[in-house]
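Just below is one structure, and these are the notes that go with it.
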Amino acid sequence: MRRRQAVLMTLIIVSLFILIKTVSAQTSLVANITREDEYVWGGDSNSYVADLESGHWTVVVNSDSFWDLEVKITVATDSGYTNVIAESGTDYGNYPRVDFELASDSTVYILVSENSVYSDTSGFYRIGVYDDAHIPGFFESLSFFELMMLFAILAIMIPVFLCLILVRRSRRAPQRMMDTISVEAPVHVIPERHQGSIQTHGSRTTTVRLPVECPSCGAQISHESVDWTGPLEAQCGYCGATMRATLENI
């Protein structure tokens, strides 16, 4: 008789221990509030409970890339996870996000399970359940360490890109100066010292060379688009900038 009572008491104590452990293992989540510094071991899982209003919800787990953590999320309406309403993945790997709909205000249970093939990943993570108006953006999902890494990369890459752009422009500038076209110019714009060396057309015009594009506004240059304002000086008809002409044989 005493032996049976001892066995019964042992079973009751074990049952209470399991029940207390199950209840205490379920951490509360508050809607749209992120829990920081959660940790899961390889092959283990963490359980959460949240009271949510009806509508569309998304569970997001973020972990620093340092940990290389792989997780799966299961959402159910009971603590035993028999009535599953959403699951982030069905295979091994990292599935850190899942969304679901609630037709009415409900209590949901969220299980975060380590989900690598060999159950050998572990680490810290952040978790939250959010409505559509509070889902974390890209920068909000990054940890402080990841933000610092991103800023460091940008601080290096931006000057490099700027230098490449400046070098490319400096190489193209001489080429643009060399690209010229032949246009007709009145003889009176030719300096006197070159009057004897030019070939005239009907004693009224001669051929000179101008840039293909206006150095100031980039407009295409033609005989009709310039006004001659002085010795070998032409004015862009679009922006009024002055450009220098050269003689064909000089």
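Each reported figure results from applying straightforward, stated rules to the coordinates on display, with no laboratory input. These numbers were taken from a predicted model, which means no experiment stands behind them. Cβ atoms come from the backbone with ideal geometry, glycine included; neighbour counts cover every protein chain shown.
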- Query: When the dipole is taken about the Cα centre of the stretch 27-142, and only Lys, Arg (+1) and Asp, Glu (-1) are charged at their Cβ, what size is it in debye, to the nearest 20?
  - Reply: 60 debye
- Query: From Cα coordinates alone, what are the radius of gyration and Dmax values for the stretch 29-77 in angstrom?
  - Reply: 12.2, 36
- Note on the structure: Which residues qualify? For residue 40, with a placed amide H closer than 5 Å and at least 5 residues away or on another chain, they are 123
- So how many Å³ per residue does the convex hull of the Cα atoms of the stretch 27-142 work out to? 92 Å³
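Want the number for residue 65 to residue 169: 0.36 nm per residue separation, take away the alpha-carbon distance, what's left? Show your work: numbers first, answer last.
Working: separation 104, 0.36 × 104 = 37.44 nm, distance 3.86 nm.
This chain segment gains 33.6 nm when fully extended.
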